Every structure is written in C-alpha cells, then in structure tokens.
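Just below is one structure, and these are the notes that go with it.
No lab work stands behind these numbers, since they all come straight from the coordinates. Remember, it's a predicted structure, so these values are computed and weren't measured experimentally. Cβ coordinates were reconstructed from backbone atoms using ideal geometry, including for glycine residues, and neighbour counts include every protein chain displayed.
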Amino acid sequence: MKLFDTHAHFDPFAAEGTVAQVLQRAAAAGVERMCAVGSSEASNELVVRLAREHLAALVAAVGYDRDQLEKPRDMEKLAALAADPAVVAVGEIGLDYYYSAETAPAQRALFGQMLEFAAARKRPVIVHSRYADDDTIDLLGEFSTLWKKSFSAPHGLAPQPDLDPHGLAPWVNQFGEDALANASTRSPTAQGGGGPMIPPPGILHCFTGDAAFAEELLALGFFISFSGIVSFNNAGPLREVAKLIPEDRLLIETDCPYLTPKPFRGKVNEPAFVARVAEVLAEARGVDAAALAETTCANARRIFQLEG
C-alpha cells in the first residue's frame, strides 16, 4: 500500500533520538510521506528542520495552536518558517473547549489570526476542533471567503464545472442538495474550460464529529481526516459517518504519538500504524484497503499541492 500520514507529531521521537527508526518503520509499512505538524514555537522549528533533513519522506506544517495563548508567539519567525519550501500547510490550529471553555474568546482570536495568516500565504490549514463545532464553522466560513479572494484572478474566478465529477451523489442523498450547491473547492486542476480551480482550503484533522458537522465542513470545501479513533470499540457512530465522506475528500492520519489504533493499544503511536487506520476505514466503507490507501495518498498530495 502507498500511504500518506497527514498528521504526525515528531516532538517525542526527536527528544528520544528515534526519528530515523520511526521513519524506517514507516517506510517498511508502505508510508511514503508524512506531514510533520507543529503547534508551538519549538515544534514549528523542529518540523521544518526535520522536513529539510528528510525531503523524500516529510513535509511540514507550522502554526500556533490553542494551547499557546499564554506563550511566546513570534509572527515574524512563523512567517519565515512558513515561507520554507518544505512547509505545505498552516497548522495545527483551532479550537478546543473541552478542558478550557473559559478561554474561548482568546482561542477564537488566535484561530482567526492564524486563518488570516494562512490565507495571505495561500497555505491550506490543518484544523483541530473539539466541542467547538459552531465556532469552528463560523470562522472557517470567514476563512473560505478569504481563501477564495486570495486566489482571485484579475478577471474573476474560474466558473465551476460539473458539480459531481468526483462522485458526490451519495453525500447529496444523505445531506441534501443545498450543501452541494454551496460546495466550494473541487480540485486545483482545471476540469474543463475556464482556467484553474481554487485549491482545497484545508483539513479537519482527527475528525470525531457527527454527520451534520461533516456536511458543513464539506460544503466549505474541507477535507476530513480520520485517526486511530476510528478503530476503537465505541467508534461505531464515527465509522458510520466515515462511510458518507466522498472519496475525494477523505484523508488518514495517526496524530501520533497519541491515539494508537487497535490492536496496538498500549504502544506509542507512530506513522507506521496509519496502515491500520486505512484498513479500518476500508472495511467500514466496503472497499479494498490498498485502493483506499492510494486514494487518500492522492488526496493528500492534492491538498498539500505536491507533485506526483
């Protein structure tokens, strides 16, 4: 299988000096690329350094996440890192009201700042959302407008092609035609006349929401990524939602070193285990695991605007 782990935290592996071994095990499992995700000043610097050192295996994402509200944030340094060719996205950023709902206003302010930062640099975003669905959608709706403007041509945007070239019909049947009519980005490549399309705006990573939340994200053009949580015993409802995601919007991740999938619970999660996420999703969707791996790998290359 050809696999792409779209969300991995390498901080503990770097601290332990085991990055090389982790990458070797990933390659042996068929993981061709990984997105090393930052979220703080230290981790942002780390992921860019690692991506430079391992160009064939790693790309990087940088940003300031919701847990950085009271910590130093150097926007000039972040801008310099984001300009590096190894950086393909802004993230991890977002909202989490589970433990700290009292900081919601400050979280929204930081998230909004990061979204503006990403739009100005034409970088897709990698978004965390927990117990914050409504605020996440509100802010991503504003970001979608900024995103479209950032890609505006002198004579306006390219006209939309056929709105169901990638098999969105099952989604329409489940969620209704209004959502499809409002769907934004389809592909960075022109599909018919009218010039290039707008690239996808971002990823809702480690998705654990319901069908309604998925509908709103899809209507904004976002991709949805599933982690090892989808393998948990109590994740039946999540697997049902996973069946509904159009295949051209589906991604997989580990979110390592957290959320180790079954049957590897008790072990430290790492990119090699993204193969198990692919297997569980494939079983839930009734498709071949190798085919799902190929599809999600192609989707990752598309959203990160990578060649090949």
What shape does the stretch 3-303 have by the C-alpha gyration tensor, where a ≥ b ≥ c are the square roots of the eigenvalues, rounded means a/c under 1.5, and otherwise prolate means a/b greater than b/c and oblate the rest? rounded
What does the helix-only formula give at 222 nm for the chain: each DSSP H stretch with n ≥ 4 adding -39500 (n - 2.57), the total divided by the residues, and the result rounded to the nearest 500 deg cm²/dmol? -12500 deg cm²/dmol
Please compute the contact order of the chain in relative form: average sequence separation of alpha-carbon pairs under 8 Å and at least six residues apart, divided by the residue count, as a percent. 19 percent
Kindly work out what percent of the DSSP beta bridges joining two residues of the stretch 3-303 are antiparallel, to the nearest 5. 0 percent
With a point put 7 Å past each Cα toward its Cβ, work out how far Phe232 is from Ser152 in nm, to one decimal. 4.3 nm
When Ile252, Ile224 are ranked with the fewest other C-beta atoms within 10 Å first, the list becomes Ile224, Ile252
Name the residue farthest towards the positive end of the dipole of the stretch 3-303 from the options Tyr97, Asn299, Ile224, assuming +1 on Cβ of Lys and Arg, -1 on Cβ of Asp and Glu, about the Cα centre. Asn299
Just to check I understand the Karplus step: with θ = phi - 60° and J = 6.51 cos²θ - 1.76 cosθ + 1.60, what whole-Hz values come out for the stretch 39-45, glycine and proline as x? 7, 8, 4, 5, 6, 4, 5
Taking θ = phi - 60°, what integer Hz values does the Karplus form 6.51 cos²θ - 1.76 cosθ + 1.60 yield along the stretch 197-214, in sequence order, with x for Gly and Pro? 8, 6, x, x, x, x, 10, 8, 8, 6, 5, 9, x, 9, 5, 5, 5, 4
Would you please name the trypsin sites (Lys or Arg not before Pro) within the stretch 216-308 that are DSSP coil residues with at most 11 other C-beta atoms within 10 Å of their C-beta? Lys267
Any idea what the dipole of the chain comes to, in debye rounded to 20, about its Cα centre with Lys/Arg Cβ at +1 and Asp/Glu Cβ at -1? 660 debye
Which residue, chosen from Val127, Gly30, Phe10, occupies the Cα position most advanced towards the positive end of the dipole of the stretch 3-303, where the dipole is computed from +1 (Lys, Arg) and -1 (Asp, Glu) charges on Cβ about the Cα centre? Gly30
Diffing the stretch 259-265: the Karplus 3J(HN,Hα) column from phi (6.51, -1.76, 1.60, θ = phi - 60°), in whole Hz with x for Gly and Pro, holds 6, 4, x, 5, x, 9, 3
Taking GluC sites (Glu not before Pro) as candidate sites, keep only those in a DSSP loop with at most 10 other Cβ atoms within 10 Å, then name the longest stretch of the chain containing none of them. 71-306
At a 10 Å Cβ-Cβ cut-off, how would you order Phe232, Phe273, fewest neighbours first? Phe232, Phe273
Less than 15 Å Cβ to Cβ from Tyr258, Lys/Arg counted +1 and Asp/Glu -1: what total charge do the surrounding residues give? -4
